[in-house]
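Here the structure comes first, spelled out in structure tokens, and everything after it is commentary.
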There are 2 protein chains.
Amino acid sequence: MTPDVPAAVVELLQRPGCFLLGLHVSPDGDSIGSSLGLAQALKEQGNQAVVASEESVPTIYRFLPGAGDVLRPADIAGQSFDVALLIDCGGLNRTGTLEPFLHKVPVVVNIDHHITNTGFGDVSWIDPDAASAGEMVYRLIRKLQWSISPQVATCLYTAISTDTGSFRYQNTSFATLQTAAELVAAGARPFEVGDAVYEHKSLPAQRLLGYTLANMVMAAGGKFSYACLPWNVYEKYGAKDEDGEGIVSELRKTDGVEVAVLVHDTSSGAVKVSFRSRAEVDVSRIASRFGGGGHARAAACTFSGKSLDEVRDLVVAAVEEELSRQNRAE
Amino acid sequence: MTPDVPAAVVELLQRPGCFLLGLHVSPDGDSIGSSLGLAQALKEQGNQAVVASEESVPTIYRFLPGAGDVLRPADIAGQSFDVALLIDCGGLNRTGTLEPFLHKVPVVVNIDHHITNTGFGDVSWIDPDAASAGEMVYRLIRKLQWSISPQVATCLYTAISTDTGSFRYQNTSFATLQTAAELVAAGARPFEVGDAVYEHKSLPAQRLLGYTLANMVMAAGGKFSYACLPWNVYEKYGAKDEDGEGIVSELRKTDGVEVAVLVHDTSSGAVKVSFRSRAEVDVSRIASRFGGGGHARAAACTFSGKSLDEVRDLVVAAVEEELSRQNRAE
């Protein structure tokens, strides 16, 4: 059974007030959609609600109702709030330069679905069984018996769609699809969300993907694909760091591939390595050997003071060793 | 309101018998998933049910329960059937070399969601509001009050997921997501389906995509992206015709692009042109000028006796003309 929404959370939102909703650093669709959705719902009930973020909202999420009103930390200096709401945020320090402002708010509410959440805040509601924070906010609004406007529905649908990879990740459940259906009934338009989020890529991102797929190396008898993206390729295509994101998942799609690795330069000068695996190899173990971390299927690490080629040689050797260790174990 | 399942269809399926389910040519996820799902449900009720197809089941759908039992026309010669079921099939001639065998079956039932369906068959049930034939088969099985096994659920979920582009196309409705949720409750696993269908690409397909994105030309001030895939590139990567499918949709994702075109050689020697548009241009109008057709957002045409470069020049000129005509009209 789905655990109920804690009464303390419901009570805090029922009380009229001025709410500050903070996004986590590198905000994703769940952070943005859940926070914008709840802020909109609060405003529709006559409250003041401000969404703030260390970084600007990524282009693909700017179609969301309220995205243009997201403030930066400097914009809220001097403002006072009754309640801070942190949604999809594993720890208070995950809000970056917003954190000092959150410490000044008398009540901090923590709503999250990550099992690794630190449990910060005066009231915390963690549900690791929820596929996304968007699902939790939906349950909260229903519990409050507020109506769900098309604007709120669009925000929450986007949160759910993005955190489940368009209903394809392991976390996609009956509740996920059921909630998505109800949000469509409330006015969310799946095509509009899908088009904005999944059908827009910058030209430099397309060029980087093309370069990577054309130059990807197949190793370990086809179980391992890797590629390097040197900074001069970024420069050639006018690409920024963010244009390289997501490429490693495309490498993993290649038939037979168990581990995919992208070794790429960054604007800071550090070399970043992104790992993905399909089913067998725990890539967080490999990344942690180099001071990084992540999950079994997605991990990363960063090197300073080493060249791209040096990093590639280190990482490729580590992955091949892990794959042959697995082969022996089988 | 959703129109009810016709009583004639329900009655024919309630009668015990031997059923032949035919796939359409170039079978897609909806054709395969709906037919395998209904065949499995019929068998669970004690009937005989055979799925037949002119072509073999594409690799990405071979994980589906029953996919290994799909027969070719030659395999069913001499067998007799009581009822033929054509699902997601716009016309009887869309079954290719299977058609003569269907003519021998005493009763033909036509279940489809394409508004262009010819209305063939002894009993036909066309619901253009259904996002997929899989949704219709789900309603049919519920109407019959048969239980839905995990095998049936997996097939129907795949039909729905693929015909809605993983719940992102315009056809995705409340009913689509509601049905998907109920199929998950019945045992379909979204991750398993998503991984099999969307996360596997052949190495040659990856290389062709890389080549295309690296070489795509941006024209008409960024509103038009096009690329050519000559046969020597297919040969270099050991690619087959099918490895080039889907690439044109990747071109369209480029920010600002309204029309995307892929001009590619084929194994038959003909040059094929695939068109996609985002929102404004009706590409079926352009394709039809060259003897092709399709929809407003997706169309194609084929040229014989012309070189790739000749075709490119013709098509690029036609698209640029259409885009400048639109500009003037705005």
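Bear in mind that the values in this text are calculations on the coordinates, not laboratory data. Not measured: the values here are computed from a predicted model. We place every Cβ from the backbone using ideal geometry, glycine too, and count neighbours over all the protein chains shown.
In terms of Cα atoms, the Rg and Dmax of region A:135-240 work out to 19.4, 57 Å.
Distance from the Cα centroid of region B:303-330 to that of region A:11-87 is 47 Å (rounded to whole angstrom). Peptide packing for A:86-95, B:12-21, A:229-238 was compared via the average number of neighbouring C-beta atoms within 10 Å per residue; ordered from the highest value, the list is A:86-95, B:12-21, A:229-238.
Can you tell me the length gained on complete extension of the stretch A:ARG325 to A:CYS18, counting 0.36 nm per residue apart and subtracting the Cα distance?
Working: separation 307, 0.36 × 307 = 110.52 nm, distance 5.64 nm.
Gain in length upon complete extension: 104.9 nm.
A compact globular protein would have a Cα radius of gyration near 2.2 N^0.38 Å; the ratio found for the protein assembly as shown is 1.02.
Let me know the mean shielding of A:214-227 by other chains, meaning the per-residue number of their Cβ atoms within 10 Å of its Cβ.
Numbers: counts 11, 3, 4, 0, 2, 0, 0, 0, 1, 0, 0, 2, 0, 1.
Mean number of neighbouring Cβ atoms from other chains: 2.
With only Lys, Arg, Asp and Glu charged, each at its Cβ (+1 for the first two, -1 for the last two), find how big the charge dipole of the protein assembly as shown is about the Cα centre; round to the nearest 20 debye.
That gives a dipole near 240 debye.
Peptide B:159-169 shows a mean partner chain C-beta count of 5 within 10 Å per residue C-beta. Partner shielding of B:251-259 amounts to 4, given as the average count of beta-carbon atoms from other chains within 10 Å of each residue beta-carbon.
Across identical copies of the chain, B:GLY269 has label-point separations of 6.1 nm, listed in ascending order, with the point defined 7 angstrom from Cα along Cα→Cβ. Distances between copies of B:ALA296, taken at a point 7 Å out from Cα along the Cα→Cβ vector and listed shortest first: 4.7 nm.
Within the same chain, lysines fewer than 8 places from A:LYS240 are excluded, and of the rest, those with a Cα less than 16 Å from its Cα are A:LYS201, A:LYS272. Computed from the C-beta positions of B:GLN170 and A:GLU310, the FRET efficiency with R₀ = 41 Å rounds to 0.25. Counting every alpha-carbon pair across region B:7-198, the share separated by more than 31 Å comes to 8%. The distance from the alpha carbon centre of region B:179-222 to that of region A:193-261 is 14 Å, rounded to a whole number.
Spin-label model, A:PHE191 to A:ALA77: label points 7 Å out along the Cα-to-beta-carbon direction sit 4.7 nm apart. Residues whose amide H falls under 5 Å from that of A:GLY17, counting only those 5 or more places apart or on a different chain, are A:GLN48, with hydrogens built in the peptide plane. Listed values for region B:136-141 are Karplus-derived 3J(HN,Hα) couplings in whole Hz (6.51 cos²θ - 1.76 cosθ + 1.60, θ = phi - 60°), namely 5, 5, 4, 4, 4, 5, and x replaces Gly and Pro.
Taking a quarter of the surface of the convex hull around the Cα atoms of chain B, what do you get in nm²?
Details: hull surface 71.2 nm².
About 17.8 nm², averaged over all directions.
Distances, shortest first, from the label point of A:ASP122 to those at the same position in the other copies read 7.3 nm; the point lies 7 Å along Cα to C-beta.
Taking neighbour Cβ counts within 10 Å as the exposure measure, how do A:HIS24, A:HIS113 sort from fewest upward? Walk me through the intermediate numbers first.
On the way: A:HIS24 26, A:HIS113 23.
The order, fewest Cβ neighbours first, is A:HIS113, A:HIS24.
With contacts taken as Cα pairs under 8 Å and at least 6 residues apart, chain A reaches a relative contact order of 12 percent.
When its C-alpha radius of gyration is set against 2.2 N^0.38 Å (N residues), region A:203-329 gives a value of 0.98. Cβ-to-Cβ counts within 10 Å put B:THR172, B:THR266 in ascending order as B:THR266, B:THR172, the fewest first.
Taking a straight line from the alpha carbon of B:LYS43, these aspartates and glutamates sit under 15 Å away, with near neighbours fewer than eight places off in the same chain left out: B:ASP69, B:ASP82.
How large is the helix-only mean residue ellipticity at 222 nm for the protein assembly as shown, computed as the sum of -39500 (n - 2.57) over DSSP H runs with n ≥ 4, divided by its residue count, in deg cm²/dmol to the nearest 500?
Helices in the protein assembly as shown give a 222 nm mean residue ellipticity of -12000 deg cm²/dmol.
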